[in-house]
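Encoded as structure tokens, the structure appears first; notes follow it.
The values are calculated or read from the model by the stated rules, or taken from the named source; none is laboratory data. What you see is a predicted model; the values in this text were computed from it and never measured. In this analysis, Cβ positions are derived from the backbone assuming ideal geometry, glycine residues included, and neighbour counts consider all displayed protein chains. Each accessible area value is taken on the protein alone, full model and side chains, heavy atoms only, with ligands, DNA and RNA left out. Shrake-Rupley method; radii C 1.70, N 1.55, O 1.52, S 1.80 Å.
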Amino acid sequence: MRSLGARTLALVLLSVIAMVVDHRENHLDAVRRAIATAIYPLQVIVALPAEAFGWARESGISRSDLQRENNRLKAERLAIRAKLQQMAALESENARLRLMLQTTTRVGDRVRVAEIMAVDANPYRHDIVIDKGRRHGAYEGQAIIDATGVVGQIMHVGPFSSEAMLISDPDHALPVEVNRNGLRTIAVGTGEYDRLDLPFLPNNADIRPGDLLVTSGLGGAFPAGYPVGEVGEVTPNPAESFATIRARPATALNQVREVLLIWPGEPEPQADGSDDDSAAAADPASEAATGAETADE
Amino acid sequence: MSDAVAVERWPVWFCLLAALLLSIMPLPELAEPFRPDWVALTLIYWALAFPRVFGLLTAWLSGLLLDVAQGTLLGQHALALSVMIYFPLRFHLRLRVFPIWQLSATVMALLALYQFILFWINGTAGVATDLMDYWGSVITGALLWPPLMLFFNGVRQQMTATR
């Protein structure tokens with residue numbers, strides 16, 4: 001084993017080069033994608049016990065439970081349908097008003113359900129792997145939500161699966177606005193599933209505990225108007241320029257099993273909406289690009 | 001025996017595959033910091049047993065798989081595993097005659113080195129981490145070493161018996 005040291009050194013160098021290239025740019029995405037395809041069966045196997053457990057629990061539900069659940073769902077559906085009727089009226093009113101204001105129209109986005117296959121083992125990186133990839137039209141930077149709010153965005157896309165970063169990841173920052181008054185800021189992940197920080201608001205900002213934060217659509221990655229979380233405590237720091245503000249994500253990020261991928265501006269096939277909303281309405285470039293479509297609304 | 005070139009390789013590949021499965025299996029959040037480094041443990045054992053067959057390259061490639069499976073920087077686990085596996089490869093003759101508790105302590109040191117390299121790379125790449133959170137897997141890994149070693153001994157006996 002005379003060359004053991006030299007060979008170790010060579011592999012270390014190779015790893016360092018790989019890491020630097022991977023960290024700075026995305027040249028290694030093809031390699032990553034190839035390996036991801038190779039280990040996809042492993043991820044399926046790993047997800048099997050949880051799926052089998054879910055299936056067993058579902059098929060073990062008693063008839064009365066099913067009937068009760070069915071009744072509850074029917075009632076819920078009725079309530080939601082009633083709301084939806086209003087929604088249609090509101091949506092057309094909104095479109096009319098926005099047309100008067102010469103801005104782009106917001107319509108429903110196309111969504112697709114994806115299941116979470118794995119979570120990252122590292123406590124300081126909140127990553128998940130979902131079972132939709134390039135095959136299903138997923139793309140890098142795509143926003144992920146669930147029934148209650150924003151979950152995260154896709155970082156790497158494989159052929160059959162993708163890797164996504166949760167909004168609670170310490171590396172994640174999300175442009176948000178306060179729903180009450182439109183105050184814009186950034187929500188930064190903290191590494192805790194139930195906390196986001198709003199580090200860039202001055203001490204006298206008009207923000208109160210209980211305020212709803214929604215995506216502002218600035219930055220382009222997330223469509224506007226999806227709930228992100230609720231403002232928790234607001235602590236002014238007289239000694240510093242910014243207040244300490246915490247928020248609680250709208251979604252229980254460590255309990256999600258199913259998520260929705262959004263294609264902003266692509267309406268559902270049966271919906272009759274028309275165009276874009278991924279960029280903010282104030283963004284002149286996006287307005288110019290979509291102006292032609294909105295004009296004939 | 002260790003220097004035999006004609007070792008059956010597939011049982012070891014199978015062990016590594018199982019280790020990879022165990023390291024990406026979802027665990028409850030509380031148990032997550034205590035998940036042992038299955039791949040590292042498996043690599044250490046087979047590097048001690050057959051240093052000419054399962055060495056650096058095996059460790060490096062397993063590391064790449066781990067990187068993709070866990071979504072870390074491509075090369076991070078590969079680097080940590082290659083550096084860590086250097087020591088059992090270099091000193092396998094000495095380590096093999098260690099009593100099992102002494103070997104466990106050595107394994108603990110190796111795992112600590114492995115986790116430290118991961119921590120260090122995370123720090124360099126700007127991923128915020130806390131050093132204390134890396135200890136859980138080192139301790140569970142060292143505790144797991146004796147039973148794991150007995151199991152792998154069994155596998156190895158099967159391998160030599162069928163050969």
Of A:23, A:27, the only residue that is more than 8 Å from every other protein chain (Cβ to nearest Cβ) and under 29 Å from residue B:78 (Cβ atoms) is A:27
Next item on the list: Look at residue B:150 and say whether it is in contact with a helix residue (DSSP H, G or I) (Cβ under 7 Å, 6 or more places away or on another chain) and of a type in the set (A, V, I, L, M).
Entry: no
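Buried (at least 24 other Cβ atoms within 10 Å of the Cβ), within 8 Å of chain A (Cβ to nearest Cβ), within 26 Å of residue A:6 (Cβ to Cβ) and under 12 Å from the mean Cα position of the chain (by Cα): is that true of residue B:62 in this structure? It would help to see each step written out before you state the result.
Numbers: buried (at least 24 other Cβ atoms within 10 Å of the Cβ): yes; within 8 Å of chain A (Cβ to nearest Cβ): no; within 26 Å of residue A:6 (Cβ to Cβ): yes; under 12 Å from the mean Cα position of the chain (by Cα): yes.
It is false that residue B:62 is buried (at least 24 other Cβ atoms within 10 Å of the Cβ), within 8 Å of chain A (Cβ to nearest Cβ), within 26 Å of residue A:6 (Cβ to Cβ) and under 12 Å from the mean Cα position of the chain (by Cα).
Take residue B:57 and decide whether it is over 16 Å from residue B:111 (Cβ atoms), within 16 Å of the chain's Cα centre (by Cα), within 9 Å of another protein chain (Cβ to nearest Cβ) and open to solvent by 20 Å² or more (accessible area, probe 1.4 Å).
Taking the combined requirement at face value, the residue satisfies it.
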Residue hits (region A:50-85; under 30 Å from residue B:66 (Cβ atoms) and under 26 Å from the mean Cα position of the chain (by Cα)) are A:50, A:51, A:54
Per the filter on region A:133-158, residues of a type outside the set (Val, Ile, Thr) and open to solvent by less than 10 Å² (accessible area, probe 1.4 Å) are A:133, A:138, A:142, A:143, A:149, A:152, A:158
Filtering region B:80-135 down to residues that are hydroxyl-bearing (Ser, Thr, Tyr) and more than 24 Å from residue B:65 (Cβ to Cβ) yields B:104, B:106
Note on region B:65-75: residues more than 7 Å from chain A (Cβ to nearest Cβ) and either of a type in the set (A, V, I, L, M) or surrounded by fewer than 22 Cβ atoms within 10 Å (Cβ to Cβ) (or both) are B:66
Of the listed residues (B:40, B:78, B:47), the one being touching a Phe, Trp or Tyr at 6+ places or on another chain (Cβ under 8 Å), within 7 Å of another protein chain (Cβ to nearest Cβ) and modelled with pLDDT of 90 or more is B:78
Residue in region B:99-110 that is polar (S, T, N, Q), over 28 Å from residue A:39 (Cα atoms) and either free of Cβ contacts under 8 Å to residues at least 40 places away in the same chain or not in a helix (DSSP H, G or I) (or both) present
yes
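Of all residues being open to solvent by less than 90 Å² (accessible area, probe 1.4 Å) and part of a loop (DSSP other than H, G, I, E, B) in region B:4-17, which is modelled with the highest pLDDT? Just the residue, please.
Pass one, region B:4-17, residues open to solvent by less than 90 Å² (accessible area, probe 1.4 Å): B:4, B:6-8, B:11-12, B:15-17.
Filter once more, keeping what is part of a loop (DSSP other than H, G, I, E, B): B:4, B:6-8.
Values: B:4: 49, B:6: 61, B:7: 68, B:8: 75.
Out of the qualifying residues, it is B:8.
Conditions (1) under 19 Å from residue B:153 (Cβ atoms); (2) in contact (Cβ under 8 Å) with a residue 24 or more places away in the chain, marked per residue:
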| position | (1), (2) |
| --- | --- |
| B:46 | yes, yes |
| B:54 | yes, yes |
| B:57 | no, no |
| B:73 | no, yes |
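Here's the yes/no breakdown for (1) surrounded by 11 or more Cβ atoms within 10 Å (Cβ to Cβ); (2) over 27 Å from residue B:84 (Cβ atoms); (3) in contact with a Lys or Arg (Cβ under 8 Å, 6 or more places away or on another chain):
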site	(1), (2), (3)
A:9	yes, no, no
A:22	yes, no, yes
A:31	yes, no, no
A:34	yes, no, no
A:44	yes, yes, no
A:70	no, yes, no
A:82	no, yes, no
A:87	yes, yes, no
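Yes or no, residue by residue, for (1) within 16 Å of residue A:261 (Cα to Cα); (2) modelled with pLDDT under 85; (3) among the hydroxyl-bearing types (Ser, Thr, Tyr); (4) in contact with a strand residue (DSSP E or B) (Cβ under 6 Å, 6 or more places away or on another chain):
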{"residue": "A:71", "(1), (2), (3), (4)": "no, no, no, no"}
{"residue": "A:76", "(1), (2), (3), (4)": "no, no, no, no"}
{"residue": "A:128", "(1), (2), (3), (4)": "yes, no, no, yes"}
{"residue": "A:147", "(1), (2), (3), (4)": "yes, yes, no, no"}
If we ask which residues in region A:16-51 are over 24 Å from residue B:18 (Cβ atoms) and either at pLDDT 80 or above or in a helix (DSSP H, G or I) (or both), their number turns out to be 13
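Scanning region B:81-92 for residues that are within 7 Å of chain A (Cβ to nearest Cβ) and open to solvent by 30 Å² or more (accessible area, probe 1.4 Å), which turns out farthest from residue A:162 (Cα to Cα)?
First, pick out the residues of region B:81-92 that are within 7 Å of chain A (Cβ to nearest Cβ): B:82-83, B:86, B:89-90.
Subset that is open to solvent by 30 Å² or more (accessible area, probe 1.4 Å): B:83, B:86, B:90.
Working: B:83: 30, B:86: 33, B:90: 39 Å.
Filtering first and then ranking leaves B:90.
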Checked region B:128-143 for anything open to solvent by 20 Å² or more (accessible area, probe 1.4 Å) and at pLDDT below 90; matches are B:128, B:129, B:130, B:131, B:132, B:133, B:134, B:135
Those residues of region B:111-145 that are in contact with a Phe, Trp or Tyr (Cβ under 9 Å, 6 or more places away or on another chain), within 12 Å of chain A (Cβ to nearest Cβ) and either aromatic (Phe, Trp, Tyr) or not in a helix (DSSP H, G or I) (or both) come to a total of 6
Against the definition (open to solvent by 60 Å² or more (accessible area, probe 1.4 Å), more than 10 Å from every other protein chain (Cβ to nearest Cβ) and assigned to a helix (DSSP H, G or I)), how does residue A:57 come out, yes or no? yes
The one condition residue A:228 fails out of (1) closer than 20 Å to residue A:194 by Cβ; (2) part of a loop (DSSP other than H, G, I, E, B); (3) open to solvent by less than 10 Å² (accessible area, probe 1.4 Å) is (2)
Apart from one, (1) of a type in the set (Gly, Ala, Ser); (2) on the phi < 0 side of the Ramachandran plot; (3) open to solvent by less than 20 Å² (accessible area, probe 1.4 Å) all hold for residue B:112; the odd one out is (3)
